[in-house]
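Right, one structure below, let's go through it.
The values are calculated or read from the model by the stated rules, or taken from the named source; none is laboratory data. As the structure is a prediction and not an experimental result, all values here were calculated from the model. We place every Cβ from the backbone using ideal geometry, glycine too, and count neighbours over all the protein chains shown. The area values use the complete protein model at the heavy-atom level, side chains included, leaving out ligands, DNA and RNA. Shrake-Rupley method; radii C 1.70, N 1.55, O 1.52, S 1.80 Å.
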Amino acid sequence: TVNFFCPPGGGGQKAMSNSLMTYASLFLVVFSALSSGLLDVPPQVAFGVLANLCLVFLYASPLTALSRVITTGDASPIDPLLAVTSLANGCFWLAYGASLGNPFISVPNLVGSFLNLATLAAFLAAPSSRGASRPRR
């Protein structure tokens, strides 16, 4: 068996399994609809929309930690390295998509950049109970 990382409190494997099954099911539905002619759009468009939906869900994943920061005032649930890396990645892809004039690339990365910027702002604004306290500016 594969042992995935489970965050404290458990439920990580079940959530991961549910997400994987949801994405696989969506892929099969879109593929079946395209193959049977029920979906009358080019495959690039159908799979582009599906891929971007998955990307937005990925970018939205820190929102549970962000909601805990807002309710408790403790920034320790936020991983700042992940937020910074995701922000940089989103900004680079946003710039690339904008330079091509491609909304399939730029729009979801704009959403992701905004969500990661909000996550970083919450991390910097709220104190953290994790380890030593960070210096305030």
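Could you please give the count of residues in the stretch 1-22 that are open to solvent by 70 Å² or more (accessible area, probe 1.4 Å) and at pLDDT 80 or above?
5
With respect to Asp79, is the statement that it is more than 30 Å from Ser129 (Cβ to Cβ) and acidic (Asp, Glu) true?
For Asp79, the condition - more than 30 Å from Ser129 (Cβ to Cβ) and acidic (Asp, Glu) - is not met.
If you scan the stretch 87-132, which residues turn out to be in contact with a helix residue (DSSP H, G or I) (Cβ under 8 Å, 6 or more places away or on another chain) and among the small types (Gly, Ala, Ser)?
Those that are in contact with a helix residue (DSSP H, G or I) (Cβ under 8 Å, 6 or more places away or on another chain) and among the small types (Gly, Ala, Ser): Gly90, Gly97, Ala98, Ser106, Gly112, Ser113, Ala118, Ala122, Ala126.
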